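Everything on this sheet refers to the single structure shown next.
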Amino acid sequence: DTAVSQTPKYLVTQMGNDKSIKCEQNLGHDTMYWYKQDSKKFLKIMFSYNNKELIINETVPNRFSPKSPDKAHLNLHINSLELGDSAVYFCASSRSGVTYTEAFFGQGTRLTVV
Amino acid sequence: GESVGLHLPTLSVQEGDNSIINCAYSNSASDYFIWYKQESGKGPQFIIDIRSNMDKRQGQRVTVLLNKTVKHLSLQIAATQPGDSAVYFCAEKGGSGGGADGLTFGKGTHLIIQP
């Protein structure tokens, strides 16, 4: 049973296109996240979201937008893709209202913009 | 910039030896720390965590040490095995409470286990 699953695992697309990455968790968590991992393996949070609020990292371009149809899903939409968007994107989830709890990560989506 | 960093980008140890991976953090308000392991092509996987009211925590073959005075965190892996080869990240969480707080990650250390 996969706790946090993302699709697709690989995504190759041209500049200027719009694409989405889907994420689902079956852990019953209330909070979900998107992280970006660059070519140097550095992981940085993009968004955190629960059923009450969306917290956006101020460095994330507004071409990126999370969409949550329900608390088990948090999809990432990216408009007008740029070369610099190439990275691995990780979805994660955790229990809300609990400080001392780890986040569970998906397998990642490797996005390549050409 | 990052509030959590690692001293060594790559660490190579002989199989069976112990390894120590270090991490420095700058946010004195951080009260929860986690070590993650990331194998090639996979997402980060939880190894062990520690709260700021502790200075040591042990798991199976792993020990995390926290020194709040110098804002330093370390992960000790005993009797390393080939399966320990991965990138290791420390991550911290601030003291603002639970909910939508994300984790701040360090840069990662690539641990290589030599046969």
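The values are calculated or read from the model by the stated rules, or taken from the named source; none is laboratory data. Everything quoted here is computed from the prediction, not taken from an experiment. So basically every Cβ, Gly included, is an ideal-geometry build from the backbone, and we count neighbours across all protein chains shown. To get the accessible areas, we keep the full protein, side chains included, count just its heavy atoms, and leave off ligands, DNA and RNA. Shrake-Rupley method; radii C 1.70, N 1.55, O 1.52, S 1.80 Å.
Taking all protein chains into account, the per residue accessible area for the protein assembly as shown stands at 49 Å² (1.4 Å probe).
Dividing the mean sequence gap of close Cα pairs (under 8 Å, 6+ apart) by how many residues region A:4-113 holds gives a relative contact order of 38 percent.
In terms of its C-alpha gyration tensor, chain A comes out prolate, because a/c is 1.5 or above and the ratio a/b outweighs b/c. Taking a ≥ b ≥ c as the square roots of the Cα gyration tensor eigenvalues, the protein assembly as shown comes out prolate, since a/c reaches at least 1.5 and a/b is larger than b/c. Please identify which residues in region B:23-64 have an amide N closer than 20 Å to a label point set 7 Å out from the Cα of A:Glu58, following the Cα→Cβ vector. Under cut-off, by backbone N: B:26-30. Reported to the nearest whole Å, the Cα centre-to-centre distance from region A:30-47 to region B:17-85 is 19. Computing FRET efficiency as 1/(1 + (r/R0)^6) for B:Lys68 and A:Gln14, where r is the C-beta to C-beta distance and R0 is 45 Å, gives about 0.40. FRET efficiency for the B:Ala78 to A:Asn26 pair, using the beta carbon distance and R₀ = 25 Å, is estimated at 0.15. Only protein atoms count toward the accessible area here, which uses a 1.4 Å probe; on region A:4-113, the carbon and sulfur part of that area reaches 48 percent.
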